[in-house]
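Just below is one structure, and these are the notes that go with it.
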Amino acid sequence: MKQVYLDNAATTQVHPTVISKMQDALANSYGNPSSTHSFGRTSKTAIESARKTIAKYINAQPSEIIFTSGGTEADNMILRCAVRDLGVKTIITTRIEHHAVLHTVEELEAKGLIELRYVNLDTYGNPDLLHLEELLKADGSKKLVSLMHVNNEIGNKIDLEQITLLSKKYNALVHSDTVQSLGHYEWDVKKFPIDFLAAAAHKFHGPKGIGFAFIRKNSGMSCMISGGSQERGLRAGTESFHNIVGLQEAFVHAYDNLDSERNYVEGLKKYFIQQVRKEIPNATFNGHSGDLEKSTYTLVNVCLPITEDKAMMLLFNLDIKGIACSKGSACQSGSDTGSHVLAQILSKEDMKKPSVRFSFSTYNTREEIDYTIKVLKDIIES
């Protein structure tokens, strides 16, 4: 059976050079990075090399890169510590953020630690910047704005630089979940004064279970996980050395090949959109995912013209044909409540139709897209 993996927004295939580097680290660099002997120093040196490398690519200082277990931990660390340590009393966000952000801020509100405010969205899922400014100047409380750069379900890409500058006009802190964009877009944290970012290696062909937080120097934060002095005292625990090595290799590969790989993947997305419009003309694209200028080049989210009985079995039937895609974020798989993102932007009628996210990488081909479109068409017409 043909196997087609189009769920790269959930996770990506690990690049062969990443696997090779990690295998070498596991076999030959097993010293605890906190140990003072040569085995430990070797591991520690490699970790600091990775930190410097990542910092260089986003124009940060090495001390501003804190390794975490992934994007969820980075988001949690930033949001919780900003409230605990930095005096944040109001968090401004949207209702279509990743649950790593939404569930965290909802919990902080439920405990009475913050006031939670949501920015209005237009019908495509874009934040209303006039409303954001109203929220920013509403009172004199210390505020933090948390808006994701690229939405993980519909692919919308916001003007984070403009939002950051607007927020700074009112002395607000700014955090962005950039899990879907770091490794896919160039970053320069010195160009605009964003305070916090979150990243995960498995979104750009690195290993799972490793990521990092960018935390602006002299932020005033203290640790969320206690127990040791690792990661500049901000995250205790023995570092996941082999994963950090893998993260570094994946990050370097992503940015050294950014233009060529982006052009290739963008070509696949453009072709997918063209074929959907040709072969399934009644399908629509959710958010801005069908617009190459306003959305990320890595994914589309398609609302399919299909009957309710077929909709219930759609992903199963695609899987039977060897096609991997997603009804929503993989982080909410198993939930039957539907997409919280699409619920904010689609009509009740469109919410009854199945919406499917297809996401692409350099490991995909046009032939795979042709096969996927044919299978979709067959299911719809059967």
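The values are calculated or read from the model by the stated rules, or taken from the named source; none is laboratory data. Remember, predicted model here, so these are calculated numbers, not experimental data. Using ideal geometry, Cβ is built from the backbone for each residue, glycine included, and neighbour counts are taken over all protein chains shown. With ligands, DNA and RNA removed, areas are computed over all heavy atoms of the protein, side chains included. Shrake-Rupley method; radii C 1.70, N 1.55, O 1.52, S 1.80 Å.
Cβ-Cβ contacts under 8 Å between residues 6 or more apart (or on different chains), taken from a first residue in segment 157-169 that is under 27 Å from LEU299 (Cβ atoms) to a second residue that is buried (at least 21 other Cβ atoms within 10 Å of the Cβ) and small (Gly, Ala, Ser), are listed as LYS157/SER181; LYS157/SER295; LEU160/SER176.
Residues in segment 25-50 that are in a helix (DSSP H, G or I), touching a residue at least 60 places away in the same chain (Cβ under 8 Å) and not aliphatic (A, V, I, L, M): SER43, SER49. When residues in segment 60-110 are screened for being over 20 Å from VAL150 (Cβ atoms) and among the charged types (D, E, K, R), 8 of them pass.
Let's see how each residue does on (1) open to solvent by 50 Å² or more (accessible area, probe 1.4 Å); (2) out of contact with any strand residue (DSSP E or B) (no Cβ under 9 Å at 6 or more places or on another chain); (3) not acidic (Asp, Glu):
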{"position": "SER49", "(1), (2), (3)": "yes, yes, yes"}
{"position": "ILE66", "(1), (2), (3)": "no, no, yes"}
{"position": "HIS103", "(1), (2), (3)": "yes, yes, yes"}
{"position": "LEU116", "(1), (2), (3)": "no, no, yes"}
{"position": "ASN120", "(1), (2), (3)": "yes, no, yes"}
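Taking the criterion of being in contact with a Cys (Cβ under 8 Å, 6 or more places away or on another chain) and open to solvent by less than 10 Å² (accessible area, probe 1.4 Å), would at least one residue in segment 290-307 satisfy it? No - not one qualifying residue is present in segment 290-307. Among the residues of segment 257-277, those that are under 17 Å from ASP7 (Cα atoms) and either of a type in the set (A, V, I, L, M) or assigned to a loop (DSSP other than H, G, I, E, B) (or both) comprise VAL265, LEU268, ILE273. Residues of segment 186-196 that are without any contact (Cβ under 8 Å) to a residue 60 or more places away in the chain and of a type outside the set (Phe, Trp, Tyr): PRO193, ILE194, ASP195.
Anything in segment 177-207 that is basic (Lys, Arg) and touching a strand residue (DSSP E or B) at 6+ places or on another chain (Cβ under 8 Å)? List them, or say none.
LYS203
Within segment 218-239, residues that are under 16 Å from GLN61 (Cβ atoms) and of a type in the set (A, V, I, L, M, F, W, C) reach partners that are part of a loop (DSSP other than H, G, I, E, B) and open to solvent by less than 40 Å² (accessible area, probe 1.4 Å) with beta carbons closer than 6 Å, at six or more positions or on different chains, in the pairs LEU234/CYS223.
Somewhere in segment 152-160, is a residue out of contact with any helix residue (DSSP H, G or I) (no Cβ under 9 Å at 6 or more places or on another chain) and at pLDDT below 95? No, segment 152-160 contains no residue that is out of contact with any helix residue (DSSP H, G or I) (no Cβ under 9 Å at 6 or more places or on another chain) and at pLDDT below 95. The single condition from (1) under 15 Å from the mean Cα position of the chain (by Cα); (2) crowded, with 20+ Cβ neighbours inside 10 Å that ILE215 fails is (1).
Any residue at all in segment 134-151 that's of a type in the set (Asp, Glu) and more than 23 Å from the chain's Cα centre (by Cα)?
Within segment 134-151, one or more residues are of a type in the set (Asp, Glu) and more than 23 Å from the chain's Cα centre (by Cα).
When you scan segment 230-238, do you find a residue that is out of contact with any Phe, Trp or Tyr (no Cβ under 7 Å at 6 or more places or on another chain), over 22 Å from ALA27 (Cβ atoms), assigned to a helix (DSSP H, G or I) and at pLDDT 95 or above, even just one? No, segment 230-238 contains no residue that is out of contact with any Phe, Trp or Tyr (no Cβ under 7 Å at 6 or more places or on another chain), over 22 Å from ALA27 (Cβ atoms), assigned to a helix (DSSP H, G or I) and at pLDDT 95 or above. Filtering GLY31, GLY40, GLY70 for residues that are in contact with a Pro (Cβ under 7 Å, 6 or more places away or on another chain), small (Gly, Ala, Ser) and either surrounded by 19 or more Cβ atoms within 10 Å (Cβ to Cβ) or over 22 Å from ALA250 (Cα atoms) (or both) leaves a single hit, GLY40. All conditions but one from (1) of a type in the set (A, V, I, L, M); (2) outside any loop (DSSP other than H, G, I, E, B); (3) over 20 Å from the mean Cα position of the chain (by Cα) apply to ALA254; the one that does not is (3). Of all residues in segment 173-184, those that are within 18 Å of ALA82 (Cα to Cα) have Cβ atoms under 8 Å from Cβ atoms of residues that are among the basic types (Lys, Arg) and part of a loop (DSSP other than H, G, I, E, B), 6 or more apart or on another chain, in LEU173/LYS142.
Table: residues versus (1) touching a Lys or Arg at 6+ places or on another chain (Cβ under 8 Å); (2) buried (at least 22 other Cβ atoms within 10 Å of the Cβ).
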position	(1), (2)
ASP75	no, yes
ARG84	no, no
LEU108	yes, no
LYS111	no, no
LYS137	no, no
SER141	yes, no
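Scanning segment 332-351 for residues that are modelled with pLDDT under 90 and surrounded by 14 or more Cβ atoms within 10 Å (Cβ to Cβ) yields GLN332, GLY338, MET351.
In summary, GLU367 fulfils each of the numbered conditions (1) at pLDDT 95 or above; (2) surrounded by fewer than 13 Cβ atoms within 10 Å (Cβ to Cβ); (3) within 25 Å of the chain's Cα centre (by Cα) with the single exception of condition (3).
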